[in-house]
Structure formats: structure tokens, C-alpha cells
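The numbers here are math on the coordinates, done by the rules we state, and not lab data. What you see is a predicted model, and the numbers here were worked out from it, not measured in a lab. Here the Cβ is made from the backbone with ideal geometry for all residues, glycine too, and neighbour counts use every protein chain on show.
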Amino acid sequence: MLLGCLFGAMLAHAERGDRDRPIQFSADKSDAVNYETKVATLSGNVIITQGTMSIHADRVVLRQNPDNTLSASAYGKPVSFRQKRDGSDEYVEGYALRAEYDGRKDVLELFDQALLKQGIDEIRSNYIYYNSATETFRAEGRPDSTLPQGSSSPSAERVRGTFQPKGKDGESKLPQPKSAVPLKPDTTLEPR
């Protein structure tokens, strides 16, 4: 629980304007799309977006909630989730073999080979529950979870994470990449 509180302190709320944006989806195949109930079952290179939030998966069942938020059950190798933090240029990213997203509650659940990242900080486990409204997460190792391909160790039972050190001003102590030098056209070349 302490680990969840520590990681939660560094995360901020999801972008609040996302719920006012349209839900867009694309896939190789639609198994069922019902515009009346706002439920769709999609498969093959599925991409769902709503504002800054995006889900990429092999198969997704998505629902538009009455408050225009999105709920989805996603399956893939892996599923990827990304959403911009409110009032920041940073994103929260999640990866797993299965994900359950509830936009009404601002909750993302990641199952099997799960990874949750914000910048260079990360948490890995076989189950991660992340609530962007309360800025907390919970991670559990599960011995019955799917092990990474080629792994024979009981790593599924472990929760692992990395929090990068912060300086006195709250900024990362790691060296920042140098800014790119703008390209300039070569004026010595002549057209053929």
C-alpha cells in the first residue's frame, strides 16, 4: 500500500477535457457495432481514441457510458493505453495482455505482464489497478498469472518498480537530453 501511495504522489489526474470529446474507433473487423446501445466489439489492429486517451489492442469490447466516458475490455500482445495528464505535457502509459478501462471511475486495470509508466518512473506486476482520480495505484504479484514468454522463474509473483530520484526543486536529477540542433538546407548542392 505504501508503494501505491508513493507512486500516486507523482501522478496527476487524467486530462479532464477528454470526456467531452467524441469516441473514435477503427479496426480491421467489426464483430458487432450497435449505434443504439453505443457498444462495439472490434478485432484486428484496434485503435480507440477519446481526446488524449488512446487504446491499441488486438480485440476490444467498448461501451460509451451515459456521461460520454468510455469503458473498454481490451486484449492484445500487448494492449497499450496512453492518456495525457491534466495540466501537464506528460502522459501515463499502461501495457498488459488484458486491460479493463472504466472512464466513469477513472480506473484502469492491467492484467498479466502489466507495466504502468509515467515519464521514466514505472511499476511492473501481473495486476495493476490505477485510479487517476485519486492518483493512486495498487499492484499485486499473482502466481497463477501468465509468465513472460521464455521465462521459467516465478517472476509473476513479484511486484517491481523504479522511482527516479528528484532534486530539491522536485525536478529529476537525471541529465536531460540536449535540445536538437535545427537542420539547415545545404545551399551548395545544385539540382540535376
Would you mind calculating the gained length between Val61 and Lys117 on full extension (0.36 nm times residue separation, minus the Cα-Cα distance), in nm to one decimal?
17.8 nm
Would you pull out the residues with amide H under 5 Å of Arg85's amide H, same chain only if 5 or more places away, H placed 1.01 Å from N?
Glu90, Tyr91, Val92
Testing the spin-label approximation: label points 7 Å from Cα along Cα→Cβ at Lys77 and Thr134. State their distance in nm.
3.6 nm
Between Glu90 and Gln164, with labels modelled 7 Å along Cα→Cβ, what's the label distance in nm to one decimal, could you check?
0.9 nm
Separation between the Gln24 and Lys38 pseudo-spin-labels, each 7 Å from Cα along Cα→Cβ, expressed in nm?
1.8 nm
